[in-house]
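The values are calculated or read from the model by the stated rules, or taken from the named source; none is laboratory data. In this text the structure is predicted, and so the values were computed from the model without any measurement. Because the Cβ atoms are built from the backbone with ideal geometry, glycine has one as well, and the counts that use them run over all protein chains shown. Please note that ligands, DNA and RNA were not included when accessible areas were found on the heavy atoms of the full protein model with its side chains. Shrake-Rupley method; radii C 1.70, N 1.55, O 1.52, S 1.80 Å.
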Amino acid sequence: MPKVYVAIIGAGGVGKSFISQLNSYALRSKKHTISTILISRSSKAILSRDYSGLNLATWESDIASSSVSVKPPSFPDETLKFLTSAPGPVILVDNTSSEAIAAEYPRFLSSGVHLVTPNKKGFSSSLDLFKAIYAASGAQNGGYVFHEATVGAGLPVLSTLKDLIDTGDEIVKIEGVFSGTMSYLFNSFAPLSPSGSEKPFSACVAEARELGYTEPDPRDDLNGLDVARKLTILARLSGLQVSEPTSFPIQSLIPKPLESATSAEEFLVGLAGFDGEIDKVKTAAESEGAVVRYVGSLDVGKGEVSVGLRNFDRGSAIAGLKGSDNIISFYTRRYGERAMIVQGAGAGAEVTAMGVLGDLIKVLERLK
């Protein structure tokens, strides 16, 4: 079987799940021999200098005892030289959220290294970088690039959008709940069927943090930038020239006085003092027979993108979302008023890793 070499950068939550899933896939693959030649964490790495492959069953103990340190300034040159010297095709898997690594994607792709990643930074930061990535991939001998897990983790969001566009459909509008954190928060704070015992918003945020649904500092979720990055990716792939993820309206749920809180704990304590403000928003929605949700929306015809709170009729699919699920509705010329809906878990290490592995399999299917 043809041999393919895999290099993995980032072995945290998603990375660990990915390595486990890759190991299982490699053992049952009947089309390719998969050899993992690099696993890198923030400070240490292990590599197979002779390209024979690392042991994915013992990688954690191997990296713990490794003497190979990771030096970010030398990362691009040394890693690129190592990968392009491999005796066969190489797939680079970037499981980090590093902007510095994302900035190097064009170099790797133009050198023939294939790329799969859940890292949103390369596709949602500057428009110039986004274009450079796809230009490098599309050039002669450029590597393939797939990043399904940048929007919706393992949900088939980008592949659905690509299929719609490639088959000649016209994207009219895309809207939905793109954050598992925001989904959980508003399903808890403003449930479809109020029981009268709902918690104030600050308590819902504290609970979500305790359960691991938010970032360590909830402000990293409540500022809306994560959702904005996902909308930027969708907008660009739909043909809109969005310059930056901050170039359109984003409604932050962080009260202005708390933006400068010195810690997450200080922020959570102070947030309780602003419960009345967002409670008014919930009550206003209920008076209209609706519920409030935090959504992202893009209108291709109008060239408009926005992120923030909106009211939804109780009978809508968005209002009926459960737990921390995501829901993305595609309104197109073919589908008319009845949107094509993709719904399910949009966050979590296992499902994100599945999205990354699915992309790696797509690359394998395209290799001769």
Next item on the list: Scan around residue 214 for amide H atoms under 5 Å from its own, H built in the peptide plane at 1.01 Å from N, and keep only partners 5 or more places away or cross-chain.
Entry: 209
Margin query: Give me P(r) over segment 158-347, computed from all C-alpha to C-alpha distances, binned every 10 Å, as integer percentages.
Written below: 9, 36, 35, 16, 4, 0
Check: Tell me, what % of the accessible area of segment 158-347 is carbon and sulfur with a 1.4 angstrom probe?
Finding: 50
Item checked: Segment residue 211-residue 1, length gained on full extension (0.36 nm per residue, minus Cα span) -> 71.1 nm
Notebook entry, point to check: How far is helix 349-366 tilted off the main Cα axis of the chain, in degrees rounded to 10, range 0 to 90?
Noted result: 50
Notebook entry, point to check: Over the heavy atoms of residue 259, what accessible area does a 1.4 Å probe trace out, to the nearest 10 Å²?
Noted result: 100
Check: Over segment 158-347, what is the mean sequence separation of C-alpha contacts under 8 Å (at least six apart), divided by residue count, expressed as relative contact order in percent?
Finding: 34
Next item on the list: Please pull out the direction-averaged projected area of the chain, using the convex hull of its alpha-carbon atoms, in nm² to one decimal place.
Entry: 19.9
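Residue 338 to residue 265: FRET efficiency via 1/(1 + (r/R0)^6), r the Cβ-Cβ distance, R0 56 Å, to the nearest 0.05? If you can, show how the numbers build up before the last one.
Numbers: r = 46 Å, r/R0 = 0.82.
Computed FRET efficiency for residue 338 and residue 265 comes out at 0.75.
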Note to self: Modelling each spin label as a point 7 Å along the Cα-to-Cβ direction, I'd like the residue 288/residue 365 distance in nm, to one decimal.
What the structure shows: 4.2
Margin query: Springs between alpha-carbon pairs under 10 angstrom, Gaussian network model over the chain: which of 46, 174, 91 fluctuates most?
Written below: 46
Note to self: From the protein chains alone at 1.4 Å, what is the descending order of accessible area for 182, 340, 354, largest first?
What the structure shows: 354, 340, 182
Margin query: Taking a virtual spin label 7 Å from the Cα of residue 277 along the C-beta vector, which residues in segment 173-203 bring their backbone nitrogen under 17 Å of it?
Written below: 200-203
Check: Hey, which aspartates and glutamates would be in cross-link range of residue 280, C-alpha to C-alpha under 19 Å, not counting anything within fewer than 8 residues on its own chain?
Finding: 198, 288, 313
Next item on the list: Could you run the Karplus curve 6.51 cos²θ - 1.76 cosθ + 1.60 with θ = phi - 60° over segment 82-90 and give me ³J(HN,Hα) per residue in whole Hz, x for Gly and Pro?
Entry: 5, 5, 6, 8, 5, x, x, x, 10
Margin query: Full-extension gain between residue 243 and residue 316, please, as 0.36 nm times their residue separation minus the C-alpha to C-alpha distance.
Written below: 23.1 nm
Item checked: Loop trypsin sites (Lys or Arg not before Pro), segment 178-241, which have at most 10 other Cβ atoms in a 10 Å radius of their Cβ (DSSP) -> none
Margin query: I need the calculated FRET efficiency for the pair residue 252 and residue 195, taking r as the beta carbon distance and R₀ as 30 Å, to the nearest 0.05.
Written below: 0.55
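Return the subset of 120/362; 30/368; 282/322; 16/120; 121/368 for which the Cα-Cα distance in this structure is over 22 Å, preserving the input order.
On the way: 120/362 19 Å; 30/368 14 Å; 282/322 18 Å; 16/120 19 Å; 121/368 30 Å.
Over 22 Å apart, Cα to Cα: 121/368.
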Next item on the list: Read phi for every residue in segment 40-52 and hand back ³J(HN,Hα) as whole Hz from Karplus 6.51 cos²θ - 1.76 cosθ + 1.60, θ = phi - 60°, with x for Gly and Pro.
Entry: 10, 10, 4, 10, 9, 8, 10, 9, 9, 5, 9, 6, 6
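For the chain, what does the accessible surface come to per residue with a 1.4 Å probe? Please give it in Å².
Working: 16430 Å² over 368 residues.
Value returned for the chain: 45 Å² of accessible area per residue.
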Next item on the list: Give a residue-ordered list of calculated ³J(HN,Hα) values for segment 152-161 (Karplus: 6.51 cos²θ - 1.76 cosθ + 1.60, θ = phi - 60°; whole Hz; x for Gly, Pro).
Entry: x, 6, x, 5, x, 8, 5, 5, 5, 4
